[in-house]
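Each remark here refers to the structure printed beneath this line.
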Amino acid sequence: MTIDWDGLLLAPVHALLGEAVVWLPGDGRSVSMTGVFTEKYTVAHLQDEMQVAGSVPILNVRDSLFARLPTQGELFRVRGVLFQVIGTEPDGLGDVKIVLRAASDTEAAKGTRP
């Protein structure tokens, strides 16, 4: 038996908790979609044998909304703010965690073109 994670779980959760976001791929077009945004997602990693914790903004988007996954450096507009993609982490069940950072002025200028 195959479980339709996207249809049974992800679509309803994203419909309930998601918000409108815009993906600005490197080709100049824009793609509107729904995503679940977390402004301060806690991450931890080892650095010089010490655990370092911090927070980053992330956006969870259903994999089925993409023809291809966003790549590092592309932009998303969330709540009127431009963010740059620093990584993507598909979960294997149809959801993609997109790790973001605030876009620089130069990156933001790219994201404001029509």
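The values are calculated or read from the model by the stated rules, or taken from the named source; none is laboratory data. What you are looking at is a predicted structure, and each value in this text was computed from that prediction instead of being measured. We place every Cβ from the backbone using ideal geometry, glycine too, and count neighbours over all the protein chains shown. The area values use the complete protein model at the heavy-atom level, side chains included, leaving out ligands, DNA and RNA. Shrake-Rupley method; radii C 1.70, N 1.55, O 1.52, S 1.80 Å.
Could you size up the charge dipole of the chain around its Cα centre, putting +1 on the beta carbon of Lys and Arg and -1 on that of Asp and Glu, and report it in debye to the nearest 20?
Charge dipole of the chain: 460 debye, to the nearest 20.
Between residue 71 and residue 17, what is the label-point separation in nm under the 7 Å Cα-to-beta-carbon projection?
According to this spin-label approximation, the distance is 3.0 nm.
Quantify, in whole percent, the carbon and sulfur part of the accessible surface of the chain (1.4 Å probe; protein heavy atoms only).
Percent of accessible area from carbon and sulfur atoms in the chain: 56.
With n ≥ 4 as the cut-off for DSSP H runs, can you work out [θ] at 222 nm for the chain, using -39500 (n - 2.57) per run divided by the number of residues, rounded to the nearest 500?
-3000 deg cm²/dmol
Give, to the nearest whole percent, the P(r) tail of the chain beyond 26 angstrom, counting all Cα pairs.
Result: 23 percent of Cα pairs exceed 26 Å.
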